[in-house]
1. Looking at (1) closer than 15 Å to Tyr157 by Cβ; (2) at pLDDT 95 or above, which is the only condition Tyr3 fails?
2. For region 112-135, check the following and say yes or no: at least one residue is β-branched (Val, Ile, Thr), within 11 Å of the ligand (Cβ to nearest atom) and within 16 Å of the chain's Cα centre (by Cα).
3. Just to be sure before I move on: is Val59 assigned to a strand (DSSP E or B) and in contact with a helix residue (DSSP H, G or I) (Cβ under 9 Å, 6 or more places away or on another chain) in the structure I sent?
4. Condition first: within 15 Å of the ligand (Cβ to nearest atom) and touching a helix residue (DSSP H, G or I) at 6+ places or on another chain (Cβ under 6 Å). Now tell me which residues in region 149-183 satisfy that.
5. Could you look through region 1-50, keep only residues that are hydrophobic (A, V, I, L, M, F, W, C) and surrounded by fewer than 14 Cβ atoms within 10 Å (Cβ to Cβ), and pick out the one that is nearest to Leu116 (Cα to Cα)?
6. For region 33-63, what are the residues that are more than 14 Å from the ligand (Cβ to nearest atom) and in contact with a Lys or Arg (Cβ under 9 Å, 6 or more places away or on another chain)?
7. Quick one: which strands (runs of 3 or more DSSP E) sit completely within region 82-183 and have at least 2 residues that are at pLDDT 95 or above and within 21 Å of Tyr32 (Cβ to Cβ)?
8. Which of (1) in contact with a Phe, Trp or Tyr (Cβ under 9 Å, 6 or more places away or on another chain); (2) among the small types (Gly, Ala, Ser); (3) within 13 Å of the ligand (Cβ to nearest atom) is the odd one out, the single condition Gly146 does not satisfy?
Amino acid sequence: MNYGSEIEKVLLTGKQIEIRTQELADEINRDYADKELLVVCILRGGVIFMADLFKRLTVDAEMDFLAVSSYGAGTTSSGEVKVMKDLSAPVDRKHILVIEDIIDTGITLSYIMEMLSARKPSSIKLCSLLDKPSRRKVDLFGDYVGFEIPNEFVVGYGLDYDEKFRNLPDVCVLSPSVYEKNN
Ligand code: PRP
């Protein structure tokens, strides 16, 4: 796919993501074979990955959504996490699988994992399409991770910059000129 000057390069093609998503789904289907799964998608970035993963699940699975806010219009985490939309049902006795697009500093996810664990689910695990381990500020690991990526600002496949680029079918590196002119 050819993008304009706002995109520096394609990091992961839609095809690579599709193949890896199937591998993750195979693993999840094995691990939850006899369990009822509650897939919790973190809005909004996780929604495209969640949908592509969810349709590959063969186990009993429900979905719910959680929206939190941690980033402003810029490219770095503020460290503040606010619940904007909570789950629509209790999670006690459910096996929760939290779905994210990216683990960056880990601040958002560690807050979410703690908050959901306090509601006493049967189990809770984390699945993220992308992981930037070099950026981690808290001790947090994904149980299922699609790709470890370098410390570059990525957009596409659900990930945004200032709400743009979520619709790109590939994960792309944003051209620094885009965020430099806004900072
Ligand atoms: C992104 C991403 C994670 C979080 C990761 O969400 O979806 O939730 O940041 O950052 P962290 O590991 O440093 O906490 P964002 O707040 O940009 O919202 P969005 O999903 O609506 O784009």
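1. The failed condition is (2).
2. Yes, region 112-135 has at least one match.
3. Numbers: assigned to a strand (DSSP E or B): no; in contact with a helix residue (DSSP H, G or I) (Cβ under 9 Å, 6 or more places away or on another chain): yes.
So Val59 does not fit the description; no.
4. Matches in region 149-183: Asn151, Tyr157, Gly158.
5. Among residues in region 1-50 that are hydrophobic (A, V, I, L, M, F, W, C) and surrounded by fewer than 14 Cβ atoms within 10 Å (Cβ to Cβ), the one nearest to Leu116 (Cα to Cα) is Ala33.
6. Within region 33-63, Glu36, Leu37, Leu38, Val59, Asp60, Glu62 meet the criteria.
7. Output list reads 95-103, 123-131, 144-148.
8. (3) is the only condition that Gly146 fails.
The values are calculated or read from the model by the stated rules, or taken from the named source; none is laboratory data. All values derive from a computational prediction rather than experimental measurement. Counting neighbours? That spans all protein chains shown, and the Cβs are built from the backbone with ideal geometry, glycine included.
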